[in-house]
Amino acid sequence: MSKNIIITGTSRGIGFELVQLFSRAGHHVLALSRNEKPVQNLHLENVTSLSFDLCNPEGYKSVVDFVSTAWTHVDVLINNAGTLLNKPFGETTFEDFQKVYQTNVFGVSELTRLVIPFMKKESHVVTISSMGGVQGSLKFPGLSAYSSSKAAIITLAELLAEEYKETGPSFNVLALGAVQTEMLEEAFPGYQAPITAIEMARYIYDFSLSGNSFYNGKLLQVSNSTP
């Protein structure tokens with residue numbers, strides 16, 4: 001049965017692969033990214049690609065307008081978009097932290113808040129975090145803003161699962177280890193990850209459609225390597 005899926009961060013990497021997986025399976029996809037062209041150039045059926053910046057308040061209205069007129073409900077929201085800063089903490093400014101948190105925390109929170117009214121009890125919000133945001137995991141210098149922001153959205157999902165446990169939807173977080181993406185290359189130049197973007201996308205695809213039958217308010221560590 002066809003479902004309505006919203007995915008952020010779709011211009012490259014895992015998000016780009018997810019759009020194609022859902023489309024091929026016959027689902028309806030709203031692909032959100034600052035650069036909408038890569039998805040638009042695929043000319044996929046049942047896929048709408050909108051230019052959307054989590055830091056721009058104006059963009060949220062276009063998402064709500066689309067959902068309320070074209071779909072009326074949302075089955076899955078995948079909060080995949082994120083920004084990375086690799087900089088020594090002593091050089092990281094207030095504005096640097098603000099920019100990272102605006103995308104990775106405030107943007108995730110606001111989009112989720114606006115989409116929840118369109119979701120059913122059996123709907124699923126999947127937020128993509130990082131092993132760097134997991135308490136007790138190995139940490140790396142230079143990623144203070146990024147990893148701490150990824151920790152924040154883990155706790156946010158736990159809180160939302162509790163707040164919406166009677167009405168739904170379900171909320172879960174996947175903390176990813178190293179995946180061979182452009183973002184990994186930015187954080188760890190030259191490092192070769194054991195998992196490709198399409199392999200991780202397949203896992204997230206399956207989990208987003210069925211994981212809420214088994215989990216709610218949970219953090220799953222999807223990692224077989226460090227970083």
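3J(HN,Hα) couplings calculated from phi for the range 207-215 with the Karplus curve 6.51 cos²θ - 1.76 cosθ + 1.60 (θ = phi - 60°) are, in sequence order, 5, 5, 8, 10, x, 6, 6, 10, 10 Hz; Gly and Pro show x.
Under the convention that each Lys and Arg Cβ holds +1 and each Asp and Glu Cβ holds -1, the size of the dipole of the range 115-179 around its Cα centre is about 200 debye.
Taking every DSSP bridge with both residues inside the chain, close to 0 percent are antiparallel.
Other residues with beta-carbon under 12 Å from the beta-carbon of residue 119 carry, at +1 per Lys or Arg and -1 per Asp or Glu, a net charge of +2. In terms of its Cα atoms, the range 46-146 spans 48, 29, 22 Å along the principal axes, sorted from long to short.
Dividing the mean sequence gap of close Cα pairs (under 8 Å, 6+ apart) by how many residues the range 52-126 holds gives a relative contact order of 50 percent.
In this calculation the C-beta distance from residue 167 to residue 25 is compared with R0 = 30 Å, giving a FRET efficiency of 0.65. Taking only the C-alpha atoms of the chain, Rg followed by Dmax gives 16.5, 52 Å. Computed about the Cα centre, the dipole magnitude for the chain is approximately 240 debye when only Lys and Arg (+1) and Asp and Glu (-1) carry charge, each at its Cβ. The listed residues 60, 205 rank as 205, 60 when sorted by accessible area, largest first, using a 1.4 Å probe. Each other residue within a Cβ distance under 14 Å of residue 36 adds +1 if Lys or Arg and -1 if Asp or Glu, for a net charge of +2. Sequentially through the range 124-136, phi angles give Karplus couplings (6.51, -1.76, 1.60; θ = phi - 60°) of 9, 9, 10, 10, 8, 10, 9, 4, x, x, 8, 4, x Hz, Gly and Pro residues having no value and appearing as x. A DSSP coil position with no more than 10 other Cβ atoms inside 10 Å describes the following GluC sites (Glu not before Pro) in the range 147-227: 166. Computing the accessible area with a 1.4 Å probe over protein heavy atoms, can you report the carbon and sulfur percentage for the chain? For the chain, the apolar C and S fraction of the accessible surface comes to 53 percent.
The values are calculated or read from the model by the stated rules, or taken from the named source; none is laboratory data. Worth saying up front: this structure is predicted, and the values here are computed from it rather than measured. Note: ideal-geometry Cβ built from the backbone for every residue, glycine included; neighbour counts use all protein chains shown. For accessibility, only protein heavy atoms count, side chains too; no ligands or nucleic acids. Shrake-Rupley method; radii C 1.70, N 1.55, O 1.52, S 1.80 Å.
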